[in-house]
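Please treat every number below as a calculation from the coordinates, not as lab data. Predicted, not measured: the structure shown is a model, and the values here were computed from it. Positions of Cβ are backbone-derived with ideal geometry, glycine not excepted, and every protein chain shown enters the neighbour counts.
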Amino acid sequence: MKMRQMATDNPLRVLYLTSEVSPLLKVGGLGDVAGALPKALRLLGVDISIVIPWSPRVKFVLQPWEETVGEFTLVHTFLPDSEVPVILLKHPSLLETTPAAYARIAMSIVELKENGQLPFDLFHGNDWFAASTIELLSRKSIPTLLTIHNLSYHPKLLQAAIQRATMLTTVSPTYADEIRTETRHDLIGILNGIDTDVWNPLTDLLIPTQYGVENWSVGKQKNKEALVNQLNLAEPTIPLLAFIGRLDTQQKGVNKIIEILPLLLAESNVVILGTGADELERVLQKLGQQNPEHLSVNLRFDEKLAHQIYASADMMLIPSSFEPCGLVQMISMRYGTIPVAHAVGGLKDTIRDHETGSLYQEDTSSALNTAIEEALKVYQSDRWATMVMTAMQEDFSWKKSAKAYQQLYASMMSYAAGRSE
Ligand code: ADP
């Protein structure tokens, strides 16, 4: 087993820069991606290492070891259950995730590469904070891949890197189509996956009752009863609708749920887990106090509660105005929680309408409400079980997409070799 994980002879050495990596530090979807894609690439024989800035919030699973290099401390560890090295750059100036900090990281990566302490052949950076590194490395003719997880984060900072990167990818084919004209005509969309070891209802120790496709109905009902009890809600027999995600005003669309909440609460329980804009948090908090029996509002980042919700809810509401890929819908389906989602970006690419979830077209609260009402009708019918079981068996693992990245790396290397001849 171990041998297969070892990089093969003369493996391609890739340096992967991210701002978060699960389970060491997770803020959102990028954390999940960075915690899973490098593992899948390593299994394919790519010699990939992860670099992230150190922060006091990092939770080490394995004992790290430190090394001083100039003014930096390099903190070394591995991704749990893998041979993927993680290098945390520690320096007081890197404690903030600001453009200045990332410009500094860019310089230190180049320095560490040039003095042989961080050897790599290809650089793979994520989002705006990789922009300076890509600009610097591309001037030195080192192949660079930029993956855009969300074009709306600091688009100005990204522009130069978008043009300079050897290749540009984003996280779903549909989002690639949506942003191609704003970026580059050769932008490629490679769908994100999820870590199917972490997100597995059969083995998940953060949920009270484990379950699989055969006993999903009993398993989910037990988890639902436990959660409804824990959150002090009433009636564990009525449908449980959920929302997990950032409470923002641009993307995730929780305001559309707020607009139709009175309608939803008439026949369902609703649980919300998220943090974000003060105004949305205040409104939700108040609504929660007004409807204590049927609405549970949880304004925090809580990994365990997230697992419990995935394992308990009947439907996941995903009214995003835009969604580069989205992991919430994939995790939901794996746990037999049917996504009701706006048909954009990665939501469109991962949910099969009427088969594994429900997709609606118009970005409005009334379209969301109609989709929920229709899904509630299916929930009362025999078709629901088929839908849940189909959703649970979809393949959202990284296997296929990791291969696509590997092939892309290889083509970038042969292009670079061709140019230097
Ligand atoms: P984003 O655009 O925020 O990256 P994704 O759907 O790609 O959205 O990924 C979100 C990830 O973060 C999922 O793993 C989801 O379960 C998790 N998540 C989001 N908000 C919370 C929260 N408040 N508590 C726990 N997990 C959360």
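Ellipsoid fit via the Cα gyration tensor, the stretch 216-392: semi-axes of 21, 20, 15 Å, each the root of five times an eigenvalue, largest first. Against the chain, whose longest principal axis is taken from its Cα atoms, helix 278-290 shows a tilt of about 30°.
For K348, neighbours were defined as the other residues whose beta-carbon sits under 12 Å from its Cβ, and their charges (Lys and Arg +1, Asp and Glu -1) total -4. Taking Lys and Arg as +1 and Asp and Glu as -1, the other residues whose beta-carbon sits under 15 Å from that of E374 total -4. In whole Å, how far is the Cα centre of the stretch 223-281 from that of the stretch 112-159? Value for the Cα centre distance between the two parts: 38 Å. Rounded to the nearest 20 debye, the dipole magnitude of the stretch 149-201 is 320 debye, with +1 charges on Lys and Arg beta carbons, -1 on Asp and Glu beta carbons, and the Cα centre as origin. Provide the net charge surrounding Y310, with neighbours chosen by a C-beta distance below 9 Å and charges set as Lys +1, Arg +1, Asp -1, Glu -1. Counting the neighbours of Y310, the net charge comes to 0. For the stretch 343-375, the list of GluC sites (Glu not before Pro) that fall in a loop by DSSP and count at most 13 other C-beta atoms within 10 angstrom reads E355, E362.
Neighbour counting of Cβ atoms within 10 Å sorts the residues L62, L74, L158, fewest neighbours leading, into L62, L74, L158. Each residue in V378, V33 was given a count of other beta-carbon atoms within 10 angstrom of its own, and listing them fewest first yields V378, V33.
Taken over the Cα atoms of the stretch 93-225, the convex hull encloses 181 Å³ per residue.
Using a cut-off of 20 Å between Cα atoms, the listed pairs K26/K224; K304/K399; K113/K140; K26/K90 include K26/K224; K304/K399 as exceeding that distance. Against the chain, whose longest principal axis comes from its Cα atoms, helix 216-230 is set at around 80 degrees. Working note: Debye formula, equal point scatterers on the alpha-carbon atoms of the chain, no solvent; log10 I(q)/I(0) at q = 0.09, 0.14 Å⁻¹ is -0.57, -1.28. What angle, in degrees between 0 and 90 and rounded to the nearest 10, separates the Cα long axis of helix 365-379 from the longest principal axis of the Cα atoms of the chain? For 365-379 against the chain, the angle is about 70 degrees. With the highest mean first, a sort of the peptides 18-28, 300-310, 208-218 on other beta-carbon atoms found within 10 angstrom per residue produces 18-28, 300-310, 208-218. Around the Cα centre of the stretch 216-392, unit charges on the Cβ atoms of Lys, Arg, Asp and Glu (plus for the first two, minus for the last two) sum to a dipole of about 400 debye. When each of L227, L261 is scored by the number of other beta-carbon atoms lying within 10 Å, the sequence from fewest to most is L261, L227. In loop segments of the stretch 32-100 as defined by DSSP, the GluC sites (Glu not before Pro) with at most 12 further C-beta atoms inside 10 Å of their C-beta are E71, E96.
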